[in-house]
Amino acid sequence: MNALEVAASVRAGATSAVAVVAESLERVAARNEELNVFVHLDAEGALAAAARVDERVATGEAMPLAGVPVALKDNLCVRGQPTTAGSRILAGWRPPYDATVVERLAAAGAVALGKVNMDEFAMGSSTETSAYGPTRNPLDPTRVPGGSSGGSAAAVAAGMVPVALGSDTGGSIRQPAALCGLVGVKPTYGLVSRYGLIAFASSLDQIGPFAATVAEAALVLQVIAGHDPLDTTSLPEPAPELSAHLDDGVAGRRVGLCRELVEGAEPEVVASVHRAAEVLAGAGATVEEVSIPELKLGLSAYYLIAPAEASSNLARYDGVRYGLRVDGADVEAMNVATRTVGFGDEVKRRVMLGTYALSAGYYDAYYGQALKVRTRMIEAFARAYARVDTLLGATAPSVAFALGAKTKDPLAMYLSDVFTIPTNLAGEAAVSVPFGTGEAGLPIGVQLLGPARSEARLLAAARVLEAEAGR
Amino acid sequence: MSLPEGWEMVVGLEVHTELLTRTKLFCGCANAFGAEPNTQTCPVCLGLPGSLPVLNRRAVELAMAIGLALHATVSPSTFHRKNYFYPDMPKDFQISQYDRPINAGGYLDLPDGSRVGIERAHLEEDTGKSTHLGGSGRIHGAERSLVDYNRSGVPLVEIVSAPDIRSAAQARAYAAELRGILIATGASDGRMEEGSMRIDANVSVHRVGEPFGTRCEMKNLNSLRSLQRAIDYEAERQYALVASGGVVRQETRHWDEDRGVTSTMRSKEEADDYRYFQEPDLVDLAPEASWVEAVRAGLGPMPAERRARLAALLAEPTEAQLDAVGTVVDLGVDGFVEAAVAAGVEADRAIARAANELAGDPEERPGLTGESFAATLRLEQTGDLSATQAKTVLSTIALSGGDPATVARELGFERMAADELEGLLERLIAEHPDEWRRYDEGDDKLAQFFTGQVMRATRGQADGKVVLDLLRARRG
């Protein structure tokens, strides 16, 4: 089920949105119990929304995503629908408003089936920290789908929906896309409105698409991108033209194979990246090896900045206004009891880490230092982009790993994002595209990175790799 | 006054003022006082998950107006999060400004000629409002707490003075003058009773010539009177403590207006670590120079200038007249005085009537205009109305409007002819021979007796001054 074909067919009246959505719901029903993808399925609402799309089609409205079923990561607010961010502390909460991306998808004719699983508050790389149980990788249910947007990736990989939205704070779109054999885009910071995205780390979070193909991902991104007056950090311009540039190719492009973005990866992953470099060179790009040593500092800076912001963003879950409340003798005791019961271990770990990093007497040594590293990283990327226009590396160090393999060792889990984090710190763009396979025939993702607003170029390069891989 | 020779108090004030914007600082909810609880809220000011702040342009303008009126420099600034848990703060952090405030470095000149430095005047959001039931009325020990988030996200400017104030009276004068400036800029209504202007006072005492003492911060100062009383009390408390060999602990203290004392709220050791960091959901605020200059150009005259302007209308103003000038400016009714003077009313009379008769809420005198105020005072000046009648006409017009002469006629106020009064006086003298004899022998107090009798007989329509003249003329 390809989103472009679905939309064309629905627009042409060859099929109805209701029929498409009904089929999609059947696919969900077939595998959801096994994989634990949807944490909230709104079948009735989706069919009603599909019927409205059909009415709009009948009036001649040309919608780019007419009748396309989508899955939404459970940190995206949908009016009246349970939205938990994978946390017990938000169990039962129904937002009174829609996220901007949700509105834009609906305006474009897409039909949201419901909310899909994620690591709690997007803190994790395997979708195992969810309060609602782990999601399994559709390609091998003994393995994780990656995370934190594991539900979004699994929904597409299992064929339940052609496209899904996730969010990427340190790799949470690209890494699960890689582990599930999908295209995932982390857009430039500010390209997509964050209004209605439950914040993890505000200066790093971006919403982006998952799809089986580059063209589908590009279309969805184009629909959700563009300035939003409700998000002060959103870029001031309208959405860029992406679909029109998909076949621009890479002739004349300068690609830098980045040493720090493959170091430590499994041999098959490294081999895939090198093979990708050859393909790009074969398509007319000049490829050179580059080194950006500052990227190695990314992980440690990230694990101060993201938790620091999270410690503040998650303070509001105090039991006073919504979500879980566990009673206590007084307000403070109630706050503590609620948060103790409501948050899982990984969230608590990061809230404590972030609180500490911002505390008087420690700020300069930790958070302040991390901000300096971040600035250095931005400068280092800028120097690299003065020489090349695209960087190439791995998305994740390995293929999908087994459930439980890293849950006992947070640091090992954190290393899953070592190649993806630098892009978030710099506020730039990156795409993960499936290229090659590794252990047990599982997919490998290679990562294309570019400066801010380089999505069109990155997607065109991804398209070249995709074509080579035979899709 | 309160401290012995050789000792002085050091006071710095933090004044929070709500801005008179139509909407809140970061969302489109109405910024209005007194609505049903929790009816003026949205995902943003309730801090719901996923919501994001968008800065209110008008609030920035008013903040700049305050800064410029206080001779501060408007600079590029940033917003920070001040993190602490409190039920009436929906995000459990307050968006405020920290190391880069919008306004820094200014001063305020007081009517007595002293100058108080202004360290900064920054933008921040207000919290909701808690009501604690049971216990002491404070959060600790309360049985239940109710929260109203209508105030959550209302724009505030916090104006921090330098520690330049040396007496409670000076602190009061500073707060009063600042209030006048806030009203003059259009930034605030200055209503302390509604909480739209709130003051915290930092007080310490020391021996002159020695370093400043440890300070305590006073909260719950809900009126200028509370401010002055609390500072005097606190300075005396600290002096007594130090004089008896004790040590002042740095702490936050609560002023109890009924008992007239301050008591510990929380000590420094319990103080929160606010973990300030830059607000990632907002971008830097860098007003263009042309915008700053437009705000500067739009500032009207400040109270000091307006007082000088009114005082210049008086030949040799007395202390009482200057007080009245100050009152007129505080009330913001200079316009009425100027209209009356332009219409030929004596400045003294115009200022006195404006100061005394226009003290209420402007909304309570919708019918009164500068023109009708001036016309009423002219009728008084020409003797067509007595002072009492003039005041009655003013209060009548205030409610229902109208032309003063017509209103006076409708009220039955007619100028009493002098011969009519003469006849009345003759009769009164005949009815009260003893009183007349005493007055005639020089007891001036009896003049009041006769004036009062005349007023009663004429239901206040006689002109007191004319009656006095007639009495004097009849004296032997």
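Mind listing just one residue for me: the one in region A:395-454 that is hydroxyl-bearing (Ser, Thr, Tyr) and surrounded by fewer than 19 Cβ atoms within 10 Å (Cβ to Cβ) and, of those, farthest from residue A:382 (Cα to Cα)?
Restricting attention to region A:395-454, the residues satisfying the condition of being hydroxyl-bearing (Ser, Thr, Tyr) are A:395, A:398, A:407, A:414, A:416, A:420, A:423, A:432, A:437, A:454.
Applying the additional criterion that residues be surrounded by fewer than 19 Cβ atoms within 10 Å (Cβ to Cβ) yields A:407, A:414, A:437.
On the way: A:407: 36, A:414: 26, A:437: 32 Å.
By that ranking, first place goes to A:407.
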Self-check item: Test for residue A:208: is it assigned to a loop (DSSP other than H, G, I, E, B) and either within 14 Å of chain B (Cβ to nearest Cβ) or small (Gly, Ala, Ser) (or both)
Solution: no
Self-check item: Segments classed as helices (runs of 4 or more DSSP H), wholly inside region A:3-83, with at least 3 members that are among the charged types (D, E, K, R)
Solution: A:17-35, A:43-58
Practice problem: Just one of (1) at positive phi; (2) more than 14 Å from chain B (Cβ to nearest Cβ) trips up residue A:86, so point out which. | Solution: (2)
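Tell me the helices (runs of 4 or more DSSP H) entirely within region B:361-440 that contain at least 1 residues that are surrounded by fewer than 19 Cβ atoms within 10 Å (Cβ to Cβ), of a type in the set (Gly, Ala, Ser) and out of contact with any Pro (no Cβ under 7 Å at 6 or more places or on another chain). Full working, then the answer.
On the way: elements: B:370-381, B:387-400, B:404-410, B:418-431, B:433-440.
Ranges flagged: B:370-381, B:387-400, B:404-410, B:418-431.
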Practice problem: May I ask you to verify whether residue A:143 is surrounded by fewer than 24 Cβ atoms within 10 Å (Cβ to Cβ), in contact (Cβ under 8 Å) with a residue 12 or more places away in the chain and closer than 20 Å to residue A:393 by Cα? | Solution: no
Quiz item: Which of (1) farther than 26 Å from residue B:301 by Cα; (2) in a helix (DSSP H, G or I); (3) in contact with a Ser or Thr (Cβ under 9 Å, 6 or more places away or on another chain) is the odd one out, the single condition residue B:339 does not satisfy?
Solution: (1)
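Every residue, every condition in (1) modelled with pLDDT of 95 or more; (2) among the polar types (S, T, N, Q), yes or no:
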residue: B:182; (1), (2): yes, no
residue: B:206; (1), (2): yes, no
residue: B:216; (1), (2): yes, no
residue: B:237; (1), (2): yes, no
residue: B:258; (1), (2): no, no
residue: B:263; (1), (2): no, yes
residue: B:270; (1), (2): no, no
residue: B:273; (1), (2): no, no
Self-check item: Contacts under 6 angstrom Cβ, first residue in region B:126-150 being within 11 Å of chain A (Cβ to nearest Cβ) and under 17 Å from residue B:32 (Cα atoms), partner crowded, with 19+ Cβ neighbours inside 10 Å and among the polar types (S, T, N, Q), 6 or more apart
Solution: B:128/B:152; B:149/B:41
Quiz item: Does residue B:104 meet the test of being within 14 Å of another protein chain (Cβ to nearest Cβ) and without any contact (Cβ under 8 Å) to a residue 40 or more places away in the chain?
Solution: no
Exercise. State yes or no: is residue A:404 on the phi > 0 side of the Ramachandran plot, within 14 Å of chain B (Cβ to nearest Cβ) and assigned to a loop (DSSP other than H, G, I, E, B)?
Key: no
Quiz item: Given (1) over 25 Å from residue A:85 (Cβ atoms); (2) free of Cβ contacts under 8 Å to residues at least 40 places away in the same chain; (3) within 14 Å of another protein chain (Cβ to nearest Cβ), where does residue B:54 come up short, assuming only one miss?
Solution: (1)
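So which of B:123, B:133 is among the hydrophobic types (A, V, I, L, M, F, W, C) and at pLDDT below 95? Explain how you work it out, then say what you get.
Numbers: B:123 fails: at pLDDT below 95.
Step by step, each of B:123, B:133 is checked, and only B:133 is among the hydrophobic types (A, V, I, L, M, F, W, C) and at pLDDT below 95.
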Quiz item: What are the residues in region B:53-93 that are aromatic (Phe, Trp, Tyr) and surrounded by 18 or more Cβ atoms within 10 Å (Cβ to Cβ), if any?
Solution: B:79, B:86, B:93
Self-check item: Residue check, residue A:85 surrounded by fewer than 24 Cβ atoms within 10 Å (Cβ to Cβ) and out of contact with any Lys or Arg (no Cβ under 6 Å at 6 or more places or on another chain)
Solution: no
Quiz item: Residue check: is residue B:109 away from chain A (no Cβ under 14 Å) and either touching a strand residue (DSSP E or B) at 6+ places or on another chain (Cβ under 9 Å) or over 27 Å from residue B:184 (Cα atoms) (or both)?
Solution: yes
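With among the aliphatic types (A, V, I, L, M) and closer than 22 Å to residue A:444 by Cα as the only criterion, which of A:251, A:276, A:244 stands out?
Going through A:251, A:276, A:244 in turn, just one is among the aliphatic types (A, V, I, L, M) and closer than 22 Å to residue A:444 by Cα: A:276.
Could you check region B:58-96 and list, in sequence order, the residues that are assigned to a loop (DSSP other than H, G, I, E, B) and under 25 Å from the mean Cα position of the chain (by Cα)? Write out each step before concluding.
Going through region B:58-96, the residues assigned to a loop (DSSP other than H, G, I, E, B) turn out to be B:70-72, B:75-76, B:78-79, B:84-92.
Hits for region B:58-96 are B:70, B:71, B:72.
Could you go through region B:432-444 and let me know if any residue there is touching a residue at least 24 places away in the same chain (Cβ under 8 Å), more than 16 Å from residue B:383 (Cα to Cα) and out of contact with any Lys or Arg (no Cβ under 8 Å at 6 or more places or on another chain). Talk me through it step by step, then tell me what you get.
Filtering region B:432-444 down to residues touching a residue at least 24 places away in the same chain (Cβ under 8 Å) leaves B:439-440.
Subset that is more than 16 Å from residue B:383 (Cα to Cα): B:439-440.
Now narrow it down to the ones that are out of contact with any Lys or Arg (no Cβ under 8 Å at 6 or more places or on another chain): none.
Looking through region B:432-444, none of the residues is touching a residue at least 24 places away in the same chain (Cβ under 8 Å), more than 16 Å from residue B:383 (Cα to Cα) and out of contact with any Lys or Arg (no Cβ under 8 Å at 6 or more places or on another chain).
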Quiz prompt | Subset tally (residues that are under 20 Å from residue A:307 (Cα atoms), in a strand (DSSP E or B) and away from chain B (no Cβ under 14 Å)) for region A:153-185 | solution = 2
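Being in contact (Cβ under 8 Å) with a residue 60 or more places away in the chain, away from chain A (no Cβ under 14 Å) and over 22 Å from residue B:151 (Cα atoms), is that true of even one residue in region B:13-22? So that I can check it myself, show each step before the final result.
So the first thing to find is which residues in region B:13-22 are in contact (Cβ under 8 Å) with a residue 60 or more places away in the chain, and the list is B:13-21.
Among the residues that remain, those that are also away from chain A (no Cβ under 14 Å) are: B:13-21.
Filter again for over 22 Å from residue B:151 (Cα atoms), leaving B:13.
Yes - at least one qualifying residue is present in region B:13-22.
This table checks each residue for (1) outside any loop (DSSP other than H, G, I, E, B); (2) within 11 Å of chain B (Cβ to nearest Cβ); (3) under 30 Å from residue A:316 (Cα atoms).
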position: A:220; (1), (2), (3): yes, no, no
position: A:227; (1), (2), (3): no, no, yes
position: A:230; (1), (2), (3): no, yes, yes
position: A:233; (1), (2), (3): no, yes, yes
position: A:238; (1), (2), (3): no, no, no
Exercise. Determine the pairs where a residue that is more than 12 Å from residue A:186 (Cα to Cα), located within region A:410-434, has a partner that is outside any helix (DSSP H, G or I) and at pLDDT below 95 with Cβ atoms under 6 Å apart, the partner being 6 or more residues away or on another chain.
Key: A:412/A:406; A:413/A:406
Practice problem: Answer yes if at least one residue in region A:189-203 is more than 14 Å from every other protein chain (Cβ to nearest Cβ) and either crowded, with 24+ Cβ neighbours inside 10 Å or outside any strand (DSSP E or B) (or both), and no otherwise. | Solution: yes
Exercise. Examine region B:118-127 for a residue that is polar (S, T, N, Q) and surrounded by 23 or more Cβ atoms within 10 Å (Cβ to Cβ), and state whether such a residue exists.
Key: no
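What about residue B:169, is it within 14 Å of chain A (Cβ to nearest Cβ) and not charged (D, E, K, R)? Talk me through it step by step, then tell me what you get.
On the way: within 14 Å of chain A (Cβ to nearest Cβ): no; not charged (D, E, K, R): yes.
No, not satisfied.
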Self-check item: Given (1) away from chain B (no Cβ under 14 Å); (2) closer than 23 Å to residue A:224 by Cβ; (3) touching a Lys or Arg at 6+ places or on another chain (Cβ under 7 Å), index of the condition residue A:72 fails
Solution: (1)
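I'd like the full set of residues that are closer than 30 Å to residue A:354 by Cβ and more than 14 Å from chain A (Cβ to nearest Cβ), limited to region B:264-323. Explain how you work it out, then say what you get.
Looking only at region B:264-323, we keep the residues that are closer than 30 Å to residue A:354 by Cβ, and these are B:265-286.
Listed by number, the residues that qualify are B:265, B:267.
The values are calculated or read from the model by the stated rules, or taken from the named source; none is laboratory data. Only a predicted model underlies this, so the values are computations on that prediction, with no experimental measurement involved. No Cβ is skipped: glycine too gets one built from the backbone with ideal geometry, and neighbour counts run over all protein chains shown.
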